[in-house]
1. Please go through the stretch 430-449 and give me each residue that is more than 24 Å from ARG246 (Cβ to Cβ) and open to solvent by 10 Å² or more (accessible area, probe 1.4 Å), ordered by number.
2. Checking the conditions here, which among HIS367, HIS409 is open to solvent by 50 Å² or more (accessible area, probe 1.4 Å), closer than 20 Å to LYS296 by Cα and out of contact with any strand residue (DSSP E or B) (no Cβ under 9 Å at 6 or more places or on another chain)?
3. Considering only the stretch 507-522, state which residues are open to solvent by 60 Å² or more (accessible area, probe 1.4 Å) and part of a loop (DSSP other than H, G, I, E, B).
4. Which numbered condition in (1) in a helix (DSSP H, G or I); (2) open to solvent by less than 60 Å² (accessible area, probe 1.4 Å); (3) over 14 Å from ALA272 (Cβ atoms) is the only one that ARG452 fails?
5. Tell me, please, whether a residue that is assigned to a helix (DSSP H, G or I), touching a Gly at 6+ places or on another chain (Cβ under 7 Å) and open to solvent by 10 Å² or more (accessible area, probe 1.4 Å) can be found in the stretch 474-496.
6. From the list GLU427, GLU457, which residue is surrounded by fewer than 22 Cβ atoms within 10 Å (Cβ to Cβ), without any contact (Cβ under 8 Å) to a residue 60 or more places away in the chain, more than 24 Å from the chain's Cα centre (by Cα) and assigned to a loop (DSSP other than H, G, I, E, B)?
7. Give the stretch 168-179 a look and list any residue that's in a loop (DSSP other than H, G, I, E, B) and not aromatic (Phe, Trp, Tyr), or say none.
8. Give me a count of the residues in the stretch 395-406 that are touching a residue at least 40 places away in the same chain (Cβ under 8 Å), touching a Lys or Arg at 6+ places or on another chain (Cβ under 7 Å) and either buried (at least 21 other Cβ atoms within 10 Å of the Cβ) or aromatic (Phe, Trp, Tyr) (or both).
Amino acid sequence: MTAPTSRPTSLHVKPGTEWSSVLGRAAARTPEAFGADRLHNLVGGTWRPIGDPEPLLSPVDGSRLTGLPRVSAGEAQHAVLASAAAHREWAQTPVAERKARVSAAVEAMADARDDLALLLAWEIGKPWKLACADVDRALDGVRWYVEEIDAMLGDRTPLDGPVSNIASWNYPMSVLVHAELVQLLAGNAVIAKTPSQGGATCLTLAHALMAREGLPVTLLSGGGAELSSVLVRSPEIGALAFVGGRSNGGKVAAGLLDTGKRHMLEQEGLNAWGIWEFSDWDGLAAHLKKGFEYGKQRCTAYPRYVVQRELVDRFLATYLPVVQSLRFGHPLAVEHDDDELPVLDFGPVISAGKATELRDRVADSLHRGAVPLWRGSLADGRFITGQDTSAYVAPAALLSPGGASALMHSEPFGPVDTIVVVDSEAELLAQMNASNGALVASIACDDETLARRLAREVQAFKVGINAPRSRGDRQEAFGGRGASWLGCFVGGELLVQAVTQGPENELLYGNFPEHSRYPASI
């Protein structure tokens, strides 16, 4: 007798990780920050139900999460004035007390770590391990700054006003909250604009825990068009930190031109990996796999490979098995209630609109002559039966996108790679520099001397030799070349210098209209 065939177990959201459960725990922990069906804004140390809420949708399954309020320019201006008043007091607070309060906030967030990570999974689609890493990097990085801040400050003093932070949605904790806490250590009050596309609930919980420790933090949500002029140009603002794309970054930069404000504007660039006279394919394969983390929705992702013609067959023999092995799908779906959360390379992109844009860009590149090397299918994803998958994009790789294609010159910010074939070192460099500046790049080459010579001609802030580069942690500086960065560089002591006053006529590291200055070791 033939044994009965077991039916496959259908996937479902792991109990305790449902949105209602996670949101309920966050609201119970900090009820002052949450309304019945909306988030509050933090102004003058008080959580307020201001602004007209709009529905915040999850890219994971299209479900409604909560209401995201849109405050008016007038309400934002009131918040800036309140932050400026708090800044004057905080700037006089002894460093020891600042350290104690920041440390207390860090430990409060560490206690809430799992829920912060689960909020990120629902709001921006990060797989569990990557969401945990985002939270852990923020907290561990700030702990390091607490230990180092006395030496970094020396005789430096806080800025004349609070630091305004406008950041993208992809790393709410390890980029935005991390930066804010260091700015607070340096003696500045901080203002953060909640990204409109995702991360608002995670940031609300984090800022509620920060505010409970007496830190002068402000959190506002709303549209960039309404709030940008206030958060960029208000005379009370001491500095502006921006992380985002070049289009919005250009608008912000234009608003800063006549203000003379301290600023740090991180903008996108097409980070490229050049492959020339190279043979360590097994080593490269490991880097390629890791490079797809979070669907390449990172400012330091590598979506462009520039390959010597003689090596294209070997490169593809290494690359294609990697891209074909990627695991993607619902970040919180399990087969059995007691299963661990899945280990995925990525979940959805940030929205259904972004997914449509990526698919349209791929189609446009194919229309302009690109060759499809690999196009995955959503059928390969790991989904709950019947769930909305409109924000998911299967991985794709295109050979030789046309010169008029958007994918030729700009970062896709999704799991789409382009590969360009070259015949000379000059062509290799020209293609690696296609976006007029980048944050990172890498050269894969057996001859390290040749690799370093080529690296000097690449317009990226950090260039790896047979290894990727990243934003970095703790003492590692970070910035960009060309159009990828404007203003002060950050990371390590450079972040502290960027948000404090030093000697008169100090020449800061960064890209400025009148000069560019780069640290010796990057």
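The values are calculated or read from the model by the stated rules, or taken from the named source; none is laboratory data. Everything numeric here is computed off the predicted structure, so don't read it as measured data. A quick note on method: Cβ atoms are made from the backbone with ideal geometry, for glycine too, and the neighbour counts reach across all protein chains shown. SASA here: full protein model, heavy atoms, side chains in, ligands and nucleic acids out. Shrake-Rupley method; radii C 1.70, N 1.55, O 1.52, S 1.80 Å.
1. Matches in the stretch 430-449: ASP446, ASP447, GLU448, THR449.
2. Numbers: HIS367 fails: closer than 20 Å to LYS296 by Cα.
None of the other options fit; the residue is HIS409.
3. Start the filter on the stretch 507-522 by keeping residues that are open to solvent by 60 Å² or more (accessible area, probe 1.4 Å), which leaves 507, 513-514, 516-518, 520-521.
LEU507, PRO513, GLU514, TYR518, ALA520, SER521, listed by residue number.
4. Tallying (1) in a helix (DSSP H, G or I); (2) open to solvent by less than 60 Å² (accessible area, probe 1.4 Å); (3) over 14 Å from ALA272 (Cβ atoms), ARG452 fails exactly one: (2).
5. Narrowing the stretch 474-496 to residues assigned to a helix (DSSP H, G or I): 482-484, 493-496.
Checking the rest, the ones that are also touching a Gly at 6+ places or on another chain (Cβ under 7 Å) come to 482-484.
Narrowing further to those that are open to solvent by 10 Å² or more (accessible area, probe 1.4 Å): 482-483.
Yes, the stretch 474-496 has at least one match.
6. On the way: GLU427 fails: assigned to a loop (DSSP other than H, G, I, E, B).
After ruling out the rest, the residue left standing is GLU457.
7. Within the stretch 168-179, the first condition is being in a loop (DSSP other than H, G, I, E, B), and the residues that meet it are 168-171.
SER168, ASN170 - these are the residues of the stretch 168-179 that are in a loop (DSSP other than H, G, I, E, B) and not aromatic (Phe, Trp, Tyr).
8. Step one: of the stretch 395-406, the residues touching a residue at least 40 places away in the same chain (Cβ under 8 Å) are 395, 397, 405-406.
Checking which are touching a Lys or Arg at 6+ places or on another chain (Cβ under 7 Å) leaves us with 405-406.
Of the ones still in play, those that are also either buried (at least 21 other Cβ atoms within 10 Å of the Cβ) or aromatic (Phe, Trp, Tyr) (or both) are 405.
The number of residues fulfilling the criteria is 1.
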